[in-house]
Amino acid sequence: MNAERLPVSVIIPAYNESGRVGHTVREALRYATEVIVIDDASTDDTAAEAEAAGAVVHSQPVNGGYVEAIKAGFRLASHEIVVTLDADGEFDPADIPALVEPIMAGDADLVLGRRPTIARPSERVLTAMTRLLIPQVHDTGTGLRALRRELALGMQWPGVCICGTSVLEPFALGARITERPISLRRVRKPRRPAWYHIRQLWHVLWWLLKASLKRKRR
């Protein structure tokens with residue numbers, strides 16, 4: 001029996017996710033009334049597969065990366081609450097209602113899906129740095145999160161990825177941030193070293209200072 005679908009826009013960035021994205025879309029549509037797939041200039045059948053599964057598909061003209069893809073999704077979203085979800089099936093869309101609930105209740109502006117484990121050591125370092133200022137968060141790089149569309153559109157989304165900065169910036173803007181535990185599923189997909197986290201380190205340091213100063217002025 002399907003759960004009641006929520007008035008939520010699920011944003012799925014996807015690059016060469018044919019064979020996985022269709023299943024992810026169908027699962028997400030059990031919980032949300034709108035699923036938007038941002039095809040990041042894939043060279044396979046990602047766009048066609050996502051559309052056949054029921055998603056609204058927007059194809060980027062060039063590969064711009066994860067951050068640019070979700071920003072495009074936020075602009076296209078129809079609902080006041082948006083959820084980001086990876087295309088590969090590692091996250092379970094069944095966790096969407098629990099993430100959305102604090103926002104619908106008026107208790108939060110951003111809800112992070114806290115993974116049981118963070119595989120990459122570099123992600124753990126960036127999260128530990130962020131917790132120096134925001135100790136209530138434990139997973140700043142999660143790909144499953146819910147937030148108000150107004151907040152998402154008002155953010156710059158600085159850095160080369162979302163780790164750290166995607167929590168520090170809303171914190172500086174005065175957003176109410178919380179977490180909910182989520183589950184992870186095993187996926188057969190190679191993981192490359194995240195060398196871009198070295199560059200992200202400097203963005204996190206800068207935003208730690210910036211967010212701290214902004215909060216002190218409030």
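Rule-based calculations on the coordinates, nothing more; no lab input. Quick caveat: nothing in here was measured; it's all calculated off a predicted structure. All Cβ positions, even for glycine, are placed from backbone atoms using ideal geometry, and neighbour counts span all protein chains on display.
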TODO: Decide, for segment 28-100, between rounded, prolate and oblate: order the square roots of the alpha carbon gyration tensor eigenvalues as a ≥ b ≥ c, take rounded if a/c falls under 1.5, and otherwise choose prolate if a/b is larger than b/c, else oblate.
DONE: prolate
Task: For the chain, the longest site-free run once GluC sites (Glu not before Pro) in DSSP loop states with at most 16 other Cβ atoms within 10 Å are removed - done: 81-218
Open item on the list: I want to verify a result. In a Gaussian network model of the chain, Cα cutoff 10 Å, which of these has the top mean-square fluctuation: 93, 135, 102?
Closed with: 135
Open item on the list: Which one, 137, 69, 152, is farthest towards the positive end of the dipole of the chain when Lys and Arg carry +1 and Asp and Glu -1 on their Cβ?
Closed with: 137
Open item on the list: Can you tell me what share of the DSSP beta bridges in the chain is antiparallel? A percent to the nearest 5 is fine.
Closed with: 30
Task: Relative pair counts by distance (%), Cα atoms of segment 126-218, 10 Å bins - done: 14, 48, 30, 7, 1
Task: 18 Å cut-off, amide nitrogen to a point 7 angstrom out along residue 212 Cα→Cβ, residues in segment 110-151 - done: 125-137
TODO: Between beta-carbons, use under 13 Å as the cut-off and find the net charge around residue 196, counting Lys and Arg +1, Asp and Glu -1.
DONE: +2
TODO: Find out how many positive minus negative residues lie around residue 44, taking Lys and Arg as positive, Asp and Glu as negative, among other residues whose Cβ is under 12 Å from that of residue 44.
DONE: -4
Open item on the list: I'd like the distance separating the alpha-carbon centroids of segment 47-70 and segment 158-218, in whole Å.
Closed with: 23
Task: Candidate values [x] 8, 33, 35, 20, 4, 0; [y] 9, 35, 39, 15, 2, 0; [z] 8, 27, 31, 24, 9, 2, 0, label of the one derived for P(r) over Cα pairs in 10 Å bins from 0, in percent - done: [y]
